[in-house]
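The structure appears below as C-alpha cells.
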Amino acid sequence: MKIIAITGMPGSGKGELSRLFQEKGVKVVVMSDVLRERYKAEAKEGERLMDFAFRMRNLYGKGVVAKMCLEKLSGDEKVVVFDGVRNWEEIEEFKKRGEVVIINVHASPKTRYERLMRRARKDDVLTIEGLIKRDFEELEMGIGTVIALADHVLVNDKSLEEFKREAEELINRLI
C-alpha cells in the first residue's frame, strides 16, 4: 500500500489537497476528524481538542492517532491519504503498513491566519495571539520534524487555481 501523509501548519491548505486526491478516487482519512470522534466520546468537561490530543498521546504514545486512523481502512486500498500528520511517530506507524510519501503544504503565517479567520471553524481560535499559540502547540507536538523531512513541498501562497494546478501535477506523479 502507498500511504500519502499530508502535513502542514493549520490553514496551509491540507484540506484542499486532500479534496483533490478524493476527486481522483483516492481514500482520504482526515486525522483530526478521527481524533474528534474520540474526543466527543472521551473528552473531559471543558477540555479543548488540542489538550485532548496531548492527553491521548501521553497516555497511548505519540503514534496513537495514526493507529486510530489505520483502523478506518478496509485493507484493500492501494493508495490512501492521511490528512493532518502531526509527528514523526505517526509516520513510523504508517511505515508499518506500507510505503510512505510525505507532502508538506506550506503557506506563510499571514496567509494562514487570514484563511483561518475566514474559515472560522468551531474549534478555531480567532485571534492572532491565539493562532500564534496554536502554531507553537503544533510545533510542540512534533510537526516541525515531519515538515522538515517531507518528500514534497507544495507552496500555497498563490491563487487557488495555481495551487490546484501544481497539486494536480504532483498527485498524478504519485498515484
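The values are calculated or read from the model by the stated rules, or taken from the named source; none is laboratory data. Every value quoted in this text rests on a predicted model; they were computed, and no experiment measured them. Positions of Cβ are generated from backbone atoms using ideal geometry, with glycine treated the same way; all protein chains shown enter the neighbour counts. Each accessible area value is taken on the protein alone, full model and side chains, heavy atoms only, with ligands, DNA and RNA left out. Shrake-Rupley method; radii C 1.70, N 1.55, O 1.52, S 1.80 Å.
Quick one: with all protein chains in place, what share of the accessible area of the stretch 24-175 is carbon or sulfur, to the nearest percent (1.4 Å probe)? About 53 percent, which is the carbon plus sulfur part of the accessible surface. Taking a straight line from the alpha carbon of Lys40, these lysines sit under 25 Å away, with near neighbours fewer than eight places off in the same chain left out: Lys14, Lys27, Lys62, Lys67, Lys72, Lys122, Lys133. With Cα atoms defining each centre, the stretch 57-119 and the stretch 144-175 are spaced 15 Å apart in the structure. If the segment from Asp33 to Ser159 were pulled out straight at 0.36 nm per residue, it would be longer than the present Cα-Cα gap by 42.7 nm. Multiplying the residue separation of Asp51 and Lys133 by 0.36 nm and subtracting their alpha-carbon distance yields 28.2 nm. When only alpha carbons of the stretch 1-59 are considered, Rg and Dmax amount to 13.9, 40 Å.
How big is the chain by the Kirkwood estimate over distinct Cα pairs, in Å? Roughly 16.5 Å, rounded to one decimal.
Here the alpha carbons of the stretch 26-72 define both size measures, Rg and Dmax, at 10.7, 37 Å.
A Gaussian network model of the chain, with springs between Cα atoms under 10 Å, assigns the largest mean-square fluctuation among Leu59, Leu131, Leu154 to Leu59. Rolling a 1.4 Å probe over the protein heavy atoms gives the chain an accessible area of 51 Å² per residue. For the stretch 61-142, the list of GluC sites (Glu not before Pro) that fall in a loop by DSSP and count at most 15 other C-beta atoms within 10 angstrom reads Glu71.
P(r) tail for the stretch 81-147, what percent of Cα pairs lie past 19 Å? Display every interim value, and only then the final one.
Details: 909 of 2211 pairs.
When all Cα pairs of the stretch 81-147 are counted, 41 percent exceed 19 Å.
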